[in-house]
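Read the figures in this text as sums done on the coordinates, not as results from a lab. Note that the structure is a prediction, hence the values are computed from the model and not measured. Cβ atoms come from the backbone with ideal geometry, glycine included; neighbour counts cover every protein chain shown.
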Amino acid sequence: MQQEARGRQAETAAKARITGIPAEVARVMQLLNAAGKETAAVGGCVRDRLLKKQPKDWDLATAARPEETQALLQQAGYRVIPTGIRYGTVTALTPGGPVEITTFRLDGAYSDARRPDAVVFTGDLRRDLARRDFTINAMACNMQGELLDCFGGQRDLRAGLIRCVGEPDRRFAEDALRMMRALRFAAGLDFTLEAQTARSLRQNCHRLAMVAPQRLRAELDGLLCGKGAGRVLEQDAQVLCVLLPELKEDAPGGRAYWQALPWLNNLPPQPVLRLAALLHGVQDVSGALARLGYDNAAKARVALLASLWGTPPPQRDAEVRRLLGRMPPEAFFQLALLKQAEAFSQQEKEAAAWRGAADLARRVLQEGQCFRLKDLAVKGEDLLAAGVPAGPAVGRVLHALLKRVIEGELPNEKHALLQQAARLLTIIEERPD
Ligand code: ATP
Ligand code: MG
């Protein structure tokens, strides 16, 4: 019986075919194959087609050396960009979009656990597949769509498992980033880590501290936005804690992290939102994000959202204008989304209040209500013309007027504002501070 079942499995494996190879990609494969250089589609595109998904891009691997690939494609009229000649990669610009073509290679030693010191090219596709990280990413197909699966990638896809190609300890020691990639794929595909891979990851996760932050960031974004993010971040919190010790359960930021995990997936899949949810209890949010390779814009936005965490939902136009005056409108809506997602499970009333606040803010914006200096119906020059002396008084009067307009105490009308300006000026002149 068992043998029969195994036979059937082998048969399906033999019959598996990759469909949907775009014509432009097939053309490049055909061209290189016709020149005697074996060329296959590899990695993510093969995995995604087996999952019946549309691949983000189609990566090719070839027996041709990078200069040969470049020459063959140029002869056929393609524009070719030598994107990573040292690592064997060139990019062909096809009418259907860019296609990356990388020479079959064996990665050399990774003395810094980050990047191979040297790559060695090979003519052997199987050896190229053997250097890849996980079984589900180590499959290839030729231009007829025939699958080459040497490491049980299809079996693991069916079982929903992330399993290292080869010995996990060795593979994670070679390149520590693979541990973050394992979690990224587990979260993105909603898969689990195969037992040995999981054990090895937990034992080796301290090595993640050696990985360059820019490499981490891309994988972390993928992990945070995956449909299984909450689950993976709960099961493997210790891995993230290597990079962010602030999130340890007994640290001040840890409580907020653990409380956010159950509702993380109620948020849209945007890294900034999910980071704000997880890190809002951390004291130095900006410093934590710098360690993970985030840019200034992301650091500033997450820090802003975290600093506003305790804000009660605004209920009147004036309260909305006050908040809008302190941040870009986009940040207001992000705050509203975060607070709704947080309140969703426990405090339905608070979630509803934030939903209402977002509606209010949309109307405030639609009506063009004033909450910034640039919306104010008087400018500095109007004040000067009305007799306000040049100097710091101009800015102080403008800010005082804006505050009253935001609070709804004054209409945003030139006449009324100038009248009030004259009154304010006497106060300012009497109390220069
Ligand atoms: P996605 O669709 O999310 O881009 P992908 O599988 O294409 O997924 P990439 O990061 O684009 O992932 O990498 C392309 C392929 O290169 C992978 O499928 C894998 O075979 C291989 N790969 C990438 N990074 C590594 C690594 N650090 N170690 C080993 N193999 C890797
Ligand atoms: Mg890819």
List, in order, the whole-Hz ³J(HN,Hα) value for each residue of the range 239-254 obtained from phi through the Karplus relation with A = 6.51, B = -1.76, C = 1.60 and θ = phi - 60°; use x for Gly and Pro.
5, 5, 5, 5, 7, 10, x, 4, 9, 4, 4, 8, 7, x, x, x
Which value in nm describes the separation of the simple spin-label points at K379 and D250, placed 7 Å from the Cα toward the beta carbon?
6.1 nm
Once exposed loop chymotrypsin sites (Phe, Trp or Tyr not before Pro) are cut out (DSSP; at most 16 other Cβ, 10 Å), longest piece of the chain
111-308
Normalised alpha carbon radius of gyration of the range 370-433 [divisor 2.2 N^0.38 Å]:
0.99
Simple SL model, points at 7 angstrom along Cα→Cβ for E407 and D284; separation in nm is 3.8 nm
Return the FRET efficiency for the residue pair A209, R79: r is the Cβ-Cβ distance, R0 is 30 Å, and the value is rounded to the nearest 0.05.
0.15
Computed FRET value (nearest 0.05) for D57 with T311, which takes r as the C-beta separation and R₀ as 45 Å
0.65
For the chain, the longest stretch holding no GluC sites (Glu not before Pro) located in a DSSP loop with at most 14 other Cβ atoms within 10 Å is which?
1-248
What nm distance separates the two modelled labels at A218 and D359, each placed 7 Å from Cα along Cα→Cβ?
4.3 nm
So if the hydrodynamic radius of the chain is defined as the Kirkwood radius over C-alpha pairs, what does Stokes-Einstein give as its diffusion coefficient at 25 °C and 0.890 mPa s, in µm² per second?
95 µm²/s
Once you order the gyration tensor axes a ≥ b ≥ c over the Cα atoms, which shape class does the range 309-410 get: rounded for a/c under 1.5, otherwise prolate or oblate by comparing a/b with b/c?
prolate
Among F332, I21, Q214 the positive-end extreme of the charge dipole of the chain (Cβ point charges):
I21
Using helices alone, what [θ] at 222 nm do you get for the chain, with -39,500 (n - 2.57) per DSSP H run of 4 or more residues, divided over all residues and rounded to the nearest 500?
-16000 deg cm²/dmol
Could you state the number of Å between the C-alpha centres of the range 243-277 and the range 81-101?
38 Å
How much length would be gained if the chain were fully extended between Q30 and A173, taking 0.36 nm per residue of separation minus their Cα-Cα distance, in nm to one decimal?
47.7 nm
Please grab the % of Cα pairs in the range 133-287 that end up more than 25 Å from each other.
30 percent
